[in-house]
1. Pairs of Cα atoms under 8 Å, at least six residues apart: use those to get the relative contact order of the chain, whole percent.
2. If the reach is capped at under 21 angstrom between alpha carbons, list the lysines near Lys44, excluding any in the same chain fewer than eight residues apart.
3. Relative contact order for the range 189-282 using alpha-carbon pairs under 8 Å, separation at least 6, rounded to a whole percent?
4. State in Å² the accessible area per residue of the range 255-344; use a 1.4 Å probe, count heavy atoms of protein chains only, and round to the nearest integer.
5. Give me the percent of accessible area attributable to carbon and sulfur for the range 190-305, probe 1.4 angstrom.
6. Roughly how many nanometres apart are two label points built 7 Å out from the Cα toward the Cβ at Val370 and His121?
7. Leaving out same-chain residues fewer than 8 places away, which lysines sit with a Cα under 26 Å from that of Lys315?
8. Enumerate the whole-percent occupancy of each 5 Å bin, from 0 to the last occupied one, for all C-alpha pair distances of the range 37-81.
Amino acid sequence: MRGHAREAGLSDTIIVNTCAVTAEAERQARQAIRKLARERPEAKIVVTGCAAQIAPETWGTLPGVSRVLGNAEKLEAAHWQPDLPSAVSDIMAATETAAHLVTEFAGRARAFVQVQQGCDHRCTFCIIPFGRGPSRSVPLGAILDQCRSLIASGYQEIVLTGVDITSYGHDLPGQPPLGQMVRRLLALLPDLPRLRLSSLDPCEIDEDLWRLIAEEPRLLPHLHLSIQAGSDLILKRMKRRHLRADVLAVTERARKLRPGIAFGADLIAGFPTETEEAFAETLALVDEADLTMLHVFPYSERSGTPAARMPSVPKAAWRERAARLRVAGAEAAARFDALHLGQSVRVLAETETRGHSEHFRPVRLAAEAVPGQIVTATVTGLDADGLLA
């Protein structure tokens with residue numbers, strides 16, 4: 001987007017890329033737009049992203065907003081020409097599969113390559129399919145071109161991203177699964193030191209991906225799982241496709257194949273109808289599955305979703321439950337970090353003194369490093385944020 005705006009000659013223009021995952025994300029975006037309109041009254045504000053895609057008329061009436069662009073339009077250079085009107089097409093009709101080529105990530109040491117977009121599932125709490133459209137996969141050739149360009153630019157770690165990356169390939173000829181694509185990608189990119197995957201659906205990890213977890217050291221020992229809850233009843237009401245036992249089976253299998261692997265997890269606190277007993281099952285899952293890095297989300301009602309019609313949990317309860325999950329997550333991370341005292345870690349430096357290990361644990365470096373480079377260091381201590389090395 002920045003490149004399209006620059007090439008179109010737009011000046012004094014602010015782009016706000018909105019998120020619709022939670023009501024709080026939308027509130028913050030509206031607040032930011034109003035603040036920008038006050039502080040920069042002469043600037044033109046272009047609003048895009050999922051929230052703008054879902055409700056363009058709402059965002060177009062905010063002060064200072066000159067244009068609203070949908071998620072498809074924001075990637076097309078033609079829509080960034082000066083003085084054009086808003087443009088938001090029906091995202092559910094989107095069929096494009098080519099990746100938007102990104103050659104640099106300003107201020108970031110790792111690069112992100114989108115391999116998939118959209119979602120065909122309908123979790124009862126989620127509005128995102130209506131912002132991103134149906135699942136579409138990027139062909140391997142386009143992914144390969146982008147990765148080669150990023151490696152040539154000096155990036156040593158690439159993260160493959162998408163809305164639902166384990167659905168990769170269902171719409172491509174031959175229906176190649178995610179693991180097959182990753183295996184071929186790594187074979188064709190011998191100069192790439194590190195590859196990481198974004199959030200995985202526990203019920204869709206294919207056999208090719210399992211073999212890579214076991215055998216490919218460049219696929220980093222860190223899996224982030226989209227779990228959401230540890231109660232089977234709540235998972236069914238969320239319309240998730242896995243149960244508690246499936247999560248435990250995935251983490252057990254991964255540890256047998258890759259001892260020491262780390263797990264991140266998305267968890268929702270206070271989903272409608274969640275009792276204290278159901279929440280206790282989620283809390284216990286953190287220890288039972290040894291989940292190390294938690295992304296905790298207090299339930300956020302999204303108008304138009306089935307969950308919004310279910311009996312709600314009092315706000316005080318879901319806030320308290322989210323706080324307890326975060327404490328459990330911090331304790332789990334500290335236990336995991338303690339296992340690495342005295343061990344050597346390979347750190348991708350993000351600043352001169354900070355980076356992340358192979359397991360995606362934060363590392364504070366004693367010796368200065370060149371941002372973007374991978375350095376080897378010995379863990380000498382721990383702090384509240386992670387490792388000292």
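1. On the way: 770 pairs, mean separation 42.0, N = 389.
Normalised by residue count, the contact order of the chain is 11 percent.
2. Cα-Cα hits under 21 Å: Lys35, Lys74.
3. On the way: 113 pairs, mean separation 31.4, N = 94.
About 33 percent, as a whole number.
4. Counting only protein heavy atoms, the per-residue value for the range 255-344 is 48 Å².
5. Details: 2350 of 4450 Å².
Taking all protein chains in place, the range 190-305 shows 53 percent carbon and sulfur surface.
6. It is 4.2 nm.
7. Straight-line reach from Lys315, under 26 Å: Lys236, Lys239.
8. Over the range 37-81, the share of Cα pairs per 5 Å bin runs 5, 25, 28, 22, 15, 5 percent.
The values are calculated or read from the model by the stated rules, or taken from the named source; none is laboratory data. Small disclaimer: the values here were computed from a predicted structure and weren't measured. Cβ: placed from backbone, ideal geometry, glycine included. Neighbour counts: every protein chain shown. Surface accessibility is based on the protein's heavy atoms, side chains included, excluding ligands, DNA and RNA. Shrake-Rupley method; radii C 1.70, N 1.55, O 1.52, S 1.80 Å.
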